[in-house]
1. In degrees, nearest 10, range 0 to 90: what is the angle between the Cα axis of helix 109-118 and the longest Cα principal axis of the chain?
2. If I take R0 = 41 Å and measure r between the Cβ atoms of C98 and E228 in this structure, what FRET efficiency does the formula 1/(1 + (r/R0)^6) give, to the nearest 0.05?
3. Can you list the residues, at least 5 places off or on another chain, whose amide H is less than 5 Å from the amide H of R155, using H built in the peptide plane?
4. Treating the beta-carbon of each Lys and Arg as +1 and of each Asp and Glu as -1, no other charges, what is the dipole magnitude of segment 165-303 about its Cα centre, to the nearest 20 debye?
5. Mind putting a number on the dipole of segment 245-298 about its Cα centre? Charges go on the C-beta only, +1 for Lys and Arg and -1 for Asp and Glu, and I need it in Debye to the nearest 20.
6. Classify segment 143-225: rounded, prolate or oblate, from the alpha-carbon gyration tensor (a ≥ b ≥ c, eigenvalue square roots; a/c under 1.5 rounded; otherwise prolate if a/b is larger than b/c)?
7. I need to check one value: relative contact order of the chain, counting alpha carbon pairs closer than 8 Å and at least 6 residues apart, in percent.
8. Roughly how tilted is helix 188-198, in degrees to the nearest 10 and between 0 and 90, from the longest Cα axis of the chain?
Amino acid sequence: MPRQTRTSSQQTVPPGLLVVDKPSGMTSHDVVARVRRTMGTRRVGHAGTLDPMATGVLVLGLERATKLLGHLALDTKAYLATVRLGSSTSTDDAEGECLSAADASGVTESAVRSAIANLTGDLEQVPSAVSAVKVNGRRAYELARQGEQVELSARPVTVSRFDLLATHHDGDVLDLDVMVECSSGTYVRALARDLGRDLGVGGHLVRLRRTRVGPFGLSTARTLESLEQHPELSMELDEAVATAFPRVDVGADTARALSHGQPVRGAGFEGTYASFDPEGRAVALLRDRGSGAKPVLVLRPAG
């Protein structure tokens, strides 16, 4: 169990990860600001973002673990969502202005399942106009909110799972509860938009909950209220590294070389992996280059 991170002003916060169950109505930056106050440190960063309307898993790094965030393999994500058929919006979600409306009461479940199947697998997806994709150095959502026309190019994404869980009829609209597992960079709002378009009635997202990002899920997530009651990390540095990366145990001499940022013999892994010293402490993240390996991040520098 992670030890308590702050019981007095004399204690410092150890480096590690905090998995937060983000509430609706807060930006990712809002969550970082609140965690800074709760944990008593300015050194807090987040890996990826969640829209204000979305809830669920948001991974934060504290202290030295902020340097870990850019190396985390958070390339797969999972969501529970509700898609509303019968109207399209300017933001592809419930916070935008209605652009069109149609009667979706006649849309059959078999038609929905067929359209969902066509949006599963390797796709070329056009992100939502209010996404964080950069256009000439500026975020698309900044341009869109200033009234500028935003034209975004399609990007390759993978939707490995898109399951219909339940349907709810309410007059002319049809709500779909769905589960989505996808690659990083996939916009569930865009899936809702495209599903409604393909069914000819328009669609947008009304609820989004991220249940997993990479290896981090809701089972380790903390609410902000529980964090204020017990200000503890989800995982201290060594556990976080062992959870997120393949592990290689090295001897004292190799650990010492890595702590100085020196190259060592490779371990034969694809991608980034972690080295641990004889005491079980994470020393560095490495990538193989030929027969050798070079640190991409030294977690415990010499001295």
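1. The angle comes out at about 50 degrees.
2. 0.60
3. Here Q125, V126 satisfy the definition.
4. Numbers: 16 positive and 19 negative charges, 124 e Å.
About 600 debye.
5. 160 debye
6. Oblate is the answer for segment 143-225, as a/c is 1.5 or above yet b/c matches or exceeds a/b.
7. Once divided by the residue count of the chain, the mean separation gives 22 percent.
8. With rounding to tens, the tilt is 30 degrees.
Every number in this text was worked out from the coordinates using simple rules, so none of it is lab data. Just so you know, these numbers come straight off a predicted model, no measurement behind them. All Cβ positions, even for glycine, are placed from backbone atoms using ideal geometry, and neighbour counts span all protein chains on display.
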